[in-house]
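Below you'll find the structure, written out as structure tokens, and then a few comments.
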Amino acid sequence: MKHLLGVLTLTLVSTSAFAGFYNPVTEQVVPTVTETFGVQHSGSASLDSTIIDTRGAYAFSSIGTLRYFDGGAGGTQSPGSFTLAAKNGTSFDIVSDYIPNKGPAVGTALQGGGTFDGTALWLTDTMFKPKHAPAIGTYSPGSTGTYWDGTVGPADTGADWCLNSSSMVSMALPRDTTTKGSYVSSFDVYVPSHNGDALAGSQNVRATSYNFWVGPYLERDEFSLQSAGGIGGDPTLSVSTDAWHKVDVRMDFTVTTQGPYYTYADYYASGHGPTDNIWNHDSGSVLLSYYVDGALIRQRTQVLDQTSMRQRPADTPISFSAGGGIIRGCQGSAPELYIDNIMVGQIQAAPILGDADHNGKVDFNDYLVLESSFGGPPSGVSNADFDNSGKVDFIDYLALESNFGYGAGVPEPMTLTLLGLGGLAIIRRR
Ligand SMILES: [Ca+2]
Ligand SMILES: [Ca+2]
Ligand SMILES: [Ca+2]
């Protein structure tokens with residue numbers, strides 16, 4: 001019996017993609033958004049078919065710095081097929097080096113298990129056709145080179161990424177309520193090592209680690225509460241080069257809503273925007289916990305931008321996505337990185353085995369639910385199929401019996417007796 005229940009528990013709460021930063025006994029993660037990128041060797045560098053967008057102060061260009069990496073068959077994106085214009089000298093804006101691109105090999109081991117499939121988001125600074133980057137020592141932006149597609153322009157100043165608007169995850173904010181919500185964003189990251197800047201002397205070494213920005217993008221009704229990575233992104237995380245690493249960011253929100261409230265209808269009826277006296281008093285914060293390869297690196301509390309919170313109509317949710325960016329300039333000798341397997345999910349309380357009516361207790365009412373559907377498929381909102389087998393059977397009964405009394409203090413002897421008799425009835429019926 002113990003053995004059966006052990007298997008049952010494992011099946012219900014196992015979400016290995018997010019292991020390491022939530023309590024697997026009392027919490028589970030429900031993935032909401034995933035992006036593993038397109039088809040390997042598709043011959044396209046476009047991000048059009050992905051859910052990735054540029055966002056933030058340094059996401060000027062979609063031309064050079066933020067591309068889809070398809071593994072390089074056919075020569076379009078193979079190692080050495082592009083020149084990266086590094087700006088790692090004494091000035092952020094001077095092109096200091098040319099570096100041929102490098103990609104992670106297909107089959108490279110991922111930190112969380114599995115291997116790289118050859119497709120990823122590719123962030124660089126900046127990607128030009130070979131021998132067509134702005135001259136070393138020239139200012140960029142301001143200098144021009146020839147991009148991968150034959151058009152001409154300067155080296156970009158950075159690259160921020162986040163999910164596009166339609167793929168962001170939202171947390172509803174009911175009126176006059178304190179709402180708590182916990183979420184996690186997760187992705188794999190790889191930074192190839194490069195020889196450093198020949199002009200900078202001391203930096204002319206092969207980097208063994210690289211710092212990059214990680215910042216979930218937060219907004220309310222398209223008003224930014226926190227930008228994605230790039231300058232102002234926070235914090236920087238460090239990873240070793242030439243290996244995949246797993247980055248997880250846990251977000252624990254606490255938001256309190258308080259009127260007065262206006263609505264979009266008010267807005268359009270008045271013919272003007274909200275004024276001071278009808279702004280709401282909504283406020284909130286988020287505790288951000290950053291993990292690399294399962295280890296907690298840093299925690300900090302971000303107060304949600306008060307102006308952006310208050311100047312939105314009532315009932316508009318908070319939205320957010322995974323996000324980040326490369327560090328512009330002074331980026332050591334590693335001006336490209338690869339992001340894969342992006343996931344955003346909500347952290348919820350794990351279901352209590354045996355709580356068929358979802359009231360946080362396991363009691364005789366749950367037994368009645370189980371008995372009513374015993375031998376058949378689960379019915380209605382109440383669900384006694386605790387192991388999701390599609391059928392309510394003796395395994396489900398054992399789960400209920402094991403947790404009987406949960407959430408109700410010490411179970412009463414009479415109730416236990418009833419359950420025992422009921423259990424026997426079920427067994428006889430089989
Ligand atoms: Ca991939
Ligand atoms: Ca219950
Ligand atoms: Ca079942």
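The values are calculated or read from the model by the stated rules, or taken from the named source; none is laboratory data. Just so you know, these numbers come straight off a predicted model, no measurement behind them. Heads up, the Cβs are rebuilt from the backbone with ideal geometry, glycines too, and the neighbour counts pull from every protein chain shown.
For the range 368-377, does any single residue satisfy the condition of being away from ligand 3 (no atom under 11 Å from the Cβ) and among the hydrophobic types (A, V, I, L, M, F, W, C)?
yes
For Leu163, work out the one condition from (1) touching a Ser or Thr at 6+ places or on another chain (Cβ under 6 Å); (2) away from ligand 1 (no atom under 16 Å from the Cβ) it doesn't fulfil.
(2)
Quick one: would you say Gly113 is surrounded by fewer than 15 Cβ atoms within 10 Å (Cβ to Cβ) and more than 32 Å from the chain's Cα centre (by Cα)?
Criteria not met by Gly113.
Of these, Gly360, Gly345, which one is more than 16 Å from ligand 1 (Cβ to nearest atom) and surrounded by fewer than 20 Cβ atoms within 10 Å (Cβ to Cβ)?
Result of the check over Gly360, Gly345: Gly360.
If you scan the range 236-269, which residues turn out to be part of a strand (DSSP E or B) and either among the hydroxyl-bearing types (Ser, Thr, Tyr) or over 28 Å from Ile347 (Cα atoms) (or both)?
Passing the criteria: Thr236, Ser238, Ser240, Thr254, Thr256.
Looking at (1) under 32 Å from the mean Cα position of the chain (by Cα); (2) in contact (Cβ under 8 Å) with a residue 60 or more places away in the chain, which is the one condition that is false for Gly145?
Answer for Gly145: the failing condition is (1).
Just one of the numbered conditions (1) more than 30 Å from Val239 (Cα to Cα); (2) within 16 Å of ligand 1 (Cβ to nearest atom) is not true of Asp340; which one?
Only one criterion is unmet by Asp340, namely (1).
What residue, of Leu218, Leu237, is crowded, with 19+ Cβ neighbours inside 10 Å, at pLDDT below 90 and over 15 Å from the mean Cα position of the chain (by Cα)?
Leu237
Residues in the range 364-390 that are in a loop (DSSP other than H, G, I, E, B), more than 37 Å from the chain's Cα centre (by Cα) and within 11 Å of ligand 2 (Cβ to nearest atom): how many?
So the answer is 0.
Taking the range 91-110 on its own, how many of its residues are without any contact (Cβ under 8 Å) to a residue 12 or more places away in the chain and hydroxyl-bearing (Ser, Thr, Tyr)?
0
Could you tell me whether Ala334 is at pLDDT below 75, of a type outside the set (D, E, K, R), in contact with an Asp or Glu (Cβ under 6 Å, 6 or more places away or on another chain) and assigned to a loop (DSSP other than H, G, I, E, B)?
No: the conditions fail for Ala334.
Residue check: is Tyr397 more than 14 Å from ligand 2 (Cβ to nearest atom), among the aromatic types (Phe, Trp, Tyr) and buried (at least 20 other Cβ atoms within 10 Å of the Cβ)?
Yes: the conditions hold for Tyr397.
Name the residue that is modelled with the highest pLDDT, counting only residues in the range 87-102 that are in a loop (DSSP other than H, G, I, E, B) and hydrophobic (A, V, I, L, M, F, W, C).
Top of the filtered list is Val95.
When only residues in the range 139-156 that are touching a strand residue (DSSP E or B) at 6+ places or on another chain (Cβ under 7 Å), among the polar types (S, T, N, Q) and outside any strand (DSSP E or B) count, which is nearest to Asp188 (Cα to Cα)?
Per the criteria, the residue is Ser140.
Among the residues of the range 391-430, how many are hydroxyl-bearing (Ser, Thr, Tyr), within 40 Å of the chain's Cα centre (by Cα) and either assigned to a helix (DSSP H, G or I) or modelled with pLDDT of 90 or more (or both)?
2
Which one is farthest from Ala243 (Cα to Cα) among residues in the range 111-125 that are in a loop (DSSP other than H, G, I, E, B) and touching a residue at least 24 places away in the same chain (Cβ under 8 Å)?
Asp125
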